[in-house]
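Here is the structure we will look at.
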Amino acid sequence: MYWRLSRATAGVAAAVTLVSTFVPRLSLSEEAAAAVGARPIIAIEGVSVVDVLSGTLLDARTVLIVDGRIAATAAATAVDVPPVAVRIDGRGRYLIPGLVDMHVHLFNNFTHRAPNEWAFPLFVANGVTGVREMQSVPADMPSLTRWRAGVARGDLIAPHVLAAGVSVTGDSVASTRRQVREAHAAGLDFVKIFSGVTELHWGAILEEARALQMPVCGHVPAAVTLLDAARAGQRSNEHLTQVYEACSAMEQQLVRGREARGRTETVKVREGQEREVLESFDQLICDRIATALATSGQVQVPTLVLPHFEARGPRTDFWDDARWAYLRVDEQARWERFRKEQPANDEALAAQRLEVSRRIVMTLHAAGVRILAGTDAPMPLVYPGFALHEELQLLADAGLSAADALRAATIWPAEFLGQSDSSGSVAVGKRADLVLLDENPLSDISNTQRIRAVVLDGRLFRRADLDALLRDARSTQ
């Protein structure tokens, strides 16, 4: 099977589909082409395995992959490599688990556009073998099921959708509860909350979801304090929402000013308070909040790429980035509209936002709060797949060791999702989602970009295959 672009009639946006006919412009290697459908036996020999649990290297290992699972990881003399195996020279190279982006958007329900299937090859080519989808609706479940089945069969080159959440924004307590039940019945994995949800509706979501044993994730609502949300059972917080306020001596005053307002008005009030919030950052208060937050078990997905890009200056040069050609035409149009409709960027405020964000992440991590890597792709400037490497670098810049930055995109997401038995580290019995690197990521986290090969669900993609995925993505947009 090969990627090919199909364009629907009547001006409907292009959508990526799979066909079983040969498409010359995607020139996969023989191993990759043969791996479509069937999974070959693969032996990666002489490789340094990055043990993300200990943060150390296991040198000169042979990793044997059979039927999509890791069958052995040991010294070469201890592994019997079958004659039919595809042998990969891992000498001088480093093997890590497949990377996970814990905050992406694969659907465009708000703008009524086709799903972001165009992003699939970008994720895989960047070693991102798993994602957490953050804004589905129950009607998206057939697409999710189809994608998951396609990856399992091997006729879809895409990351695993490890979890998918539904946004609940009911206009009443009754409708809020009904939306949670509908999401659960459809088979979605968690409930996603946005900042504008009122405290009353937020409480109803938590109660209904708890009864259904369904996790609640997303933004901490603008009228709820960070610790109240964490202690009430909201399992993840995205974009550090309400952490900025919690690290200010003005938290209670700020939150009270948002109460008893409508969804849109609450968010507007919060946005109007941002400068005041950032200027009132207090390190001692933040230290105390971080210590308390660590005991709650709530994880943080800071998406530092967002304030990072906002601090880079006006968004006027999308098309100067070579990656612009990877975006589907309707996505390019969305980015352009965003640039034109956004108010002028306050560069001083953006710089302050980034600096405070870094200090918060450093403080939370030092206190033991679990940090997970996510990007919000494909927000403007946030290129799917590529952005996760930028996020890892930003986490390292904010004080995480290279080992912890790597854990934030591997074993820690697996543990959070309850999937560490099958993913998140290079270990016998786990699914073979792996990335072979030319340089050591423990010495420099930017080395996660030095990708030599990717193994996706037991199927091998060499560097030439990954380059072919990117060429095809560029030529079919």
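Being modelled with pLDDT of 95 or more and either under 23 Å from residue 473 (Cβ atoms) or out of contact with any strand residue (DSSP E or B) (no Cβ under 9 Å at 6 or more places or on another chain) (or both) is the requirement here; does residue 354 meet it? So residue 354 passes the test.
For the range 307-337, which residues satisfy the criterion of being among the aliphatic types (A, V, I, L, M), part of a helix (DSSP H, G or I) and in contact with a helix residue (DSSP H, G or I) (Cβ under 7 Å, 6 or more places away or on another chain)? Selection gives 325 alone. Restricting the range 380-435 to residues that are hydroxyl-bearing (Ser, Thr, Tyr) and under 13 Å from the mean Cα position of the chain (by Cα), the residue that is farthest from residue 333 (Cα to Cα) is 410. Under the condition of being loosely packed, with under 14 Cβ neighbours inside 10 Å and of a type in the set (Lys, Arg), which residue from the range 142-172 is nearest to residue 117 (Cα to Cα)? Going through the qualifying residues, I end up with 146.
Set side by side, the residues 368, 374 differ, and just one is of a type in the set (Gly, Ala, Ser) and within 15 Å of the chain's Cα centre (by Cα), which is 374. Pairing each residue of the range 296-308 that is more than 12 Å from residue 392 (Cα to Cα) with any residue that is aromatic (Phe, Trp, Tyr), provided the two are 6+ apart or on different chains, yields C-beta distances under 6 Å for 299/416. Within the range 248-294, being modelled with pLDDT of 95 or more, surrounded by fewer than 17 Cβ atoms within 10 Å (Cβ to Cβ) and touching a Gly at 6+ places or on another chain (Cβ under 9 Å) holds for one residue alone: 291. Per this entry, residue 66 is counted among residues that are surrounded by fewer than 19 Cβ atoms within 10 Å (Cβ to Cβ), of a type outside the set (Phe, Trp, Tyr) and within 15 Å of residue 455 (Cα to Cα). Screening residue 92 against (1) at pLDDT below 95; (2) of a type in the set (Gly, Ala, Ser); (3) at positive phi leaves a single unmet condition, (1). Keeping to the range 218-241, report how many residues are in contact with a Phe, Trp or Tyr (Cβ under 7 Å, 6 or more places away or on another chain) and touching a residue at least 60 places away in the same chain (Cβ under 8 Å). Summing the residues that are in contact with a Phe, Trp or Tyr (Cβ under 7 Å, 6 or more places away or on another chain) and touching a residue at least 60 places away in the same chain (Cβ under 8 Å) in the range 218-241 gives 1. Contact annotation: residue pairs with Cβ atoms under 9 Å, 6 or more positions apart or on different chains, pairing a residue in the range 173-200 that is surrounded by 23 or more Cβ atoms within 10 Å (Cβ to Cβ) with a partner that is of a type in the set (Phe, Trp, Tyr) and assigned to a helix (DSSP H, G or I), are 176/202; 193/202. Within the range 408-467, the only residue that satisfies the criterion of being under 28 Å from residue 365 (Cβ atoms), among the aromatic types (Phe, Trp, Tyr) and touching a helix residue (DSSP H, G or I) at 6+ places or on another chain (Cβ under 9 Å) is 412.
The values are calculated or read from the model by the stated rules, or taken from the named source; none is laboratory data. What you see is a predicted model, and the numbers here were worked out from it, not measured in a lab. Here Cβ is always computed from backbone atoms with ideal geometry, including for glycine, and neighbour counts include all displayed protein chains.
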